[in-house]
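Trainee: Here's a structure for you.
The values are calculated or read from the model by the stated rules, or taken from the named source; none is laboratory data. Predicted model only: the values in this text are computed from it and were never measured. No Cβ is skipped: glycine too gets one built from the backbone with ideal geometry, and neighbour counts run over all protein chains shown. Accessible surface is based on the protein model in full, side chains and every heavy atom, while ligands, DNA and RNA are left aside. Shrake-Rupley method; radii C 1.70, N 1.55, O 1.52, S 1.80 Å.
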Amino acid sequence: MPSILAPRDGSPQRTISWSKHGFVAYVPQEHGTAHNLCLTYLETAPGETWQLAPPQNLVVRAPGQHASPEPRAEPRAEAFPRLDVLSWSLSGTDLAAIDVHGNMTMLIAGAERNLTQPGYSSSSYNRLEIIYQDTAAQAALVTTTNNSFDLVLQQSAATPAVRAPLGSYVQRYLEDSPSKVIAFKWLNLDKPIIACHPAVRMETTADAMSYNVAASLNAQIRTEAARSTGLAVETEIPVPNYAYTYGVQQYKAHGPMHPVPNKQACLAVRRNGEVVLWYQGEHGLDYHRMTRALDAASTDHWLSHTAIGFQRDGLIIVATFSNQTREVRLYRVTVNWGYLVTSSVNQLKSPAYQTPDDKKLPLPALTVTRILR
């Protein structure tokens, strides 16, 4: 049975995530091994007992970090940063992996990069491919000379049990780094949600209830048998029968949603009070990033606890608490999707519509308003 790391902040759900396709991604407990991400699923052996399948061990390196050409005599613990947040998207295909420094890596399941031409092709859901990376300091894609992402996700069997040196530009943060992500949440998809009303008990007839039909037939047989033998027929007092019905309704998901159908976005809050929104573009799998500070004038207000909530009117509410100031604050965050709104309308007429580069204005942006201090 694989062991799962419980982080120091008491939130084990941050380091384990179960996708709708059945795959469980988690952070291994043994930090310092040759991998920092595991992928498993439930299986039956031999068709009777449920268990977790042997994990597929993977390595997610920091942006700009490359493998050492030669084995090192002493492993370096900081070469493979420990992942602090793992979360599958609501579609079950995108996996957000954020390390303790706040660096984001977005992986996709069910697709693999084409080596001969641009784009992706279908694959199995147990294969992960990196589609986006950025650092906490700047949103920069990790590219190679052929203008493709550096494939920094590897099978641990092909990775030596040694550490690779960090890139020269990567800053060595402490685990209480100001860029550490302390709250993360995927935005809902623009699809109706089906929910059941509470059960209501209704009086009905025996014929309408399948489990009482057989009893009614048996009673009729006994009555006919008694009459044929001349015995007295007992008069049965009718007993009311009840059934429970469940009504179904549809409602729109809360919070903001990506205006382009089937596109996804996620929100995070860092310890330094920075709000980050990663969102997909018009087409393809690429992600973009926009940021905004909760308190632009406050530089010493480090957050200790944060919660993200969605409202019915499409707004985001962020609640924060700081051990330094001992204050609870509430913020209203609004997502202005910019030209993506116009693009979504045009895609209803022409699904292949692509906004020209000179028309991509205004750019998506975040607006923050403090509502409680």
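Trainee: How about segment 271-373: which strands (runs of 3 or more DSSP E) wholly inside it have at least 2 residues that are open to solvent by less than 20 Å² (accessible area, probe 1.4 Å)?
Mentor: 274-280, 287-293, 316-322, 327-336
Trainee: Scan segment 101-126 residue by residue and report those that are open to solvent by less than 10 Å² (accessible area, probe 1.4 Å), of a type in the set (A, V, I, L, M, F, W, C) and either part of a loop (DSSP other than H, G, I, E, B) or in the same structural domain as E274 (by the TED database) (or both).
Mentor: Selection gives nothing.
Trainee: Are there any pairs, at least 6 apart or on different chains, whose C-beta atoms fall under 6 Å, with the first in segment 242-264 and under 17 Å from A365 (Cα atoms) and the second open to solvent by 30 Å² or more (accessible area, probe 1.4 Å) and aliphatic (A, V, I, L, M), and if so, which?
Mentor: Once the first residue is under 17 Å from A365 (Cα atoms) and sits in segment 242-264, its partners that are open to solvent by 30 Å² or more (accessible area, probe 1.4 Å) and aliphatic (A, V, I, L, M) give P259/V341.
Trainee: What's the total number of residues in segment 233-255 that are at pLDDT 90 or above and open to solvent by 10 Å² or more (accessible area, probe 1.4 Å)?
Mentor: 1
Trainee: Taking segment 90-100 as the region of interest, how many residues are out of contact with any Lys or Arg (no Cβ under 7 Å at 6 or more places or on another chain) and open to solvent by less than 10 Å² (accessible area, probe 1.4 Å)?
Mentor: Residues of segment 90-100 out of contact with any Lys or Arg (no Cβ under 7 Å at 6 or more places or on another chain): 90-91, 93-98.
Right, trim to open to solvent by less than 10 Å² (accessible area, probe 1.4 Å) and you get 94-98.
Going through segment 90-100 one residue at a time, the tally reaches 5.
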